Amino acid sequence: MTSELKDTLLKIALTAFGVVFVLIYPLGMVWPSGWVWHGGQGQYYLEMICGVYAVLGIFLIAAARNPAAHRSLILFTVWSSLVHAGIMAAQAIRDGHELGHLAGDVPALLLVVAALWYLLPSSNAQEASVLRRNQTASFAK
């Protein structure tokens, strides 16, 4: 896969995952057994997690403009999603009422992990992006 194609796919993935993260609440209303925990009880939890993911989604959409400059945000999304999916999977297995999550938000987060990890720009790409930005800034002065 060429680096240009990989960059284009990463921009698409960041935008798509960002939009999905912003829409976690509506997804929970459409398919509660796959996205809403505790049988819909504990509304505070749902509002909190939706708020956190909406903010992350907005930042991912913004990062799509220049993924190499936002490598640390992409890595945070990969690792936090992996940890979140692991904890949710263990909880779903332990609590038989939450098994729907093994077909909902757990694989969705693992898809985020796999796609962003595969498409992650190298640290060299990040350094080149910073260098280009610094050169552009120096020309603007």
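Just so you know, all these numbers are worked out from the coordinates, no wet-lab data involved. Since we're looking at a predicted model, the values are computed, not measured. So basically every Cβ, Gly included, is an ideal-geometry build from the backbone, and we count neighbours across all protein chains shown.
Relative contact order, percent, of the range 1-85 when contacts are C-alpha pairs under 8 Å separated by at least 6 residues? Don't skip to the end; give the middle numbers.
Details: 64 pairs, mean separation 32.0, N = 85.
Once divided by the residue count of the range 1-85, the mean separation gives 38 percent.
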Cβ-based exposure ranking for His97, His70, in which fewest neighbours within 10 Å come first: His97, His70
